[in-house]
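Below is one structure; the comments refer to it alone.
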Amino acid sequence: MSAATTRSRTPDRLCAEAVDLARAAAEEAAAPGIVGEHVGLVSEGDRVVTHFFECRELGYRGWRWAVTVARASRAKIVTVDEAALLPGPDAVLAPEWVPWSERLRPGDMGPGDLLPTDAEDLRLEPGYTGEDEPAPNVPVSHEMADLVEAEDADLTTGPSSGFTVAPLRGSIPAVAEELGMRRARVLSRYGLHTAADRWEEAFGPKTPMAQSAPAACVSCGFLVPIGGSLGQAFGACANEFSPADGRLVSLAYGCGGHSEAAVMPRPPQPPAPVIDETRVDPFPLRPSPDSGSVTPTADQDTEELGHS
């Protein structure tokens, strides 16, 4: 450890004895009766000491008034640098601020709440908005139909007795196979209606959440379509912040987490700095005599005294 380090950690005697000066500075900065007892001091460097006083302000338990005093080298007069209210080791502090996007948890959203979505939200991607032709990846598109026909075509030239014959496309067995209805029993119309009534009562258009929603689920990007006849009225919610996450919701249901209800615009990015490395700008090391606003004139008195 060097001598300078040891000297800086040892409080200066004159600065350490300037308790009254530090108290006067703290009382000048604080309201009357707020500054309490002297609770200690700490050396900030050579001839620099910070005095701490108890704070009696309501709501600032554990805080201290810190007054820093110093003196110049070889001087005996101590002066005040600054006075501030700082938290102590046992001070009551507010919790660290967390952005709302990180504080929000599933289930926090209630009726009337609006959850904006970022324009670059990774959970969403651009959808197909064309009207003339279907999307390229849907079953009704021409490209998909041609691909399915090519895959279903029998390209072998030998006998086909050893192969399983697939049902003809469009036939009743083929439709039943696609809908998953080749089971012993399936839901009846009564079973479908009762299930739809339960789902609509829990997540339907008459719920308080849907009544205050900005838009319906039918236009939400977080809606996952379902197959079958129920797909005409219901879908699955995939928004983790929605109260209906993972549930079947009515297409007329809605909440504040709608993907297009409030899209936050992307913050503008400043342009990149332009650096010209092909040219050198000369800067004078000394100002020219005529660079000021006052014209230099010769002073005979200063010339006699030897001043320039």
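The values are calculated or read from the model by the stated rules, or taken from the named source; none is laboratory data. All values derive from a computational prediction rather than experimental measurement. When we count neighbours, we look across all protein chains shown, and the Cβ atoms used for this are built from the backbone with ideal geometry, even at glycine. Just the protein is used for accessible areas: all its heavy atoms, side chains included, with ligands, DNA and RNA removed. Shrake-Rupley method; radii C 1.70, N 1.55, O 1.52, S 1.80 Å.
Pulled fully out, how much extra length does the chain show between L14 and T194, if you take 0.36 nm times their separation in residues and subtract their Cα-Cα distance?
The span from L14 to T194 would gain 56.0 nm if fully extended.
Kindly report, to the nearest 10 Å², the accessible surface of V78 as traced by a 1.4 Å probe over protein heavy atoms only.
30
Mind listing which GluC sites (Glu not before Pro) in the range 10-116 are in a DSSP loop and have 16 or fewer other Cβ atoms within 10 Å?
Within the range 10-116, the qualifying GluC sites (Glu not before Pro) (loop, at most 16 other Cβ atoms within 10 Å) are E17, E57, E96.
Would you grab the residues whose amide H sits under 5 Å from the one on T207? Only those 5+ places off in sequence or on another chain, please, with H modelled 1.01 Å from N.
none
Along the range 13-19, what does the Karplus equation 6.51 cos²θ - 1.76 cosθ + 1.60 (θ = phi - 60°) give for ³J(HN,Hα), rounded to whole Hz, x for Gly and Pro?
5, 5, 5, 5, 7, 7, 6
Can you give the local net charge around S250? Use residues other than it whose beta-carbon is closer than 13 angstrom to its beta-carbon, Lys and Arg +1, Asp and Glu -1.
It works out to a net charge of 0.
In percent, what relative contact order does the range 13-87 have, based on Cα pairs under 8 Å that are 6 or more apart in sequence?
Taking the mean separation of contacting Cα pairs over the length of the range 13-87, I get 29 percent.
Each residue of the range 213-222 in turn: what ³J(HN,Hα) in whole Hz from Karplus with 6.51, -1.76, 1.60 and θ = phi - 60°, glycine and Pro shown as x?
With the stated coefficients, the range 213-222 comes to 6, x, 7, 8, 5, 5, 10, 8, x, 8 Hz.
Given N residues in the range 13-87, what is its alpha carbon radius of gyration divided by 2.2 N^0.38 Å?
Its radius of gyration relative to the 2.2 N^0.38 Å reference: 1.07.
Return a whole-number percent for the relative contact order of the range 188-240, with Cα pairs under 8 Å and 6 or more residues apart as the contact set.
Reported relative contact order: 24 percent.
Scan around A30 for amide H atoms under 5 Å from its own, H built in the peptide plane at 1.01 Å from N, and keep only partners 5 or more places away or cross-chain.
Correct list: empty.
At 1.002 mPa s and 20 °C, plugging the Kirkwood radius over alpha-carbon pairs of the range 187-250 into Stokes-Einstein gives what diffusion coefficient in µm²/s?
Reported coefficient: 177 µm²/s.
Going 7 Å from the Cα of W100 along its beta-carbon direction, which residues of the range 215-256 have the amide nitrogen within less than 15 Å of the resulting point?
Of the residues in the range 215-256, 256 have backbone N under 15 Å from the label point off W100.
In a shell of Cβ-Cβ distance under 10 Å around P11, excluding P11 itself, what net charge do Lys and Arg (+1) and Asp and Glu (-1) give?
0
Quick one: Karplus J couplings for the range 70-85, per residue in order, coefficients 6.51, -1.76, 1.60, θ = phi - 60°, nearest Hz, x for Gly and Pro?
Whole-Hz 3J(HN,Hα) from phi for the range 70-85: 7, 9, 6, 5, 6, 10, 10, 9, 9, 10, 8, 8, 7, 9, 8, 9.
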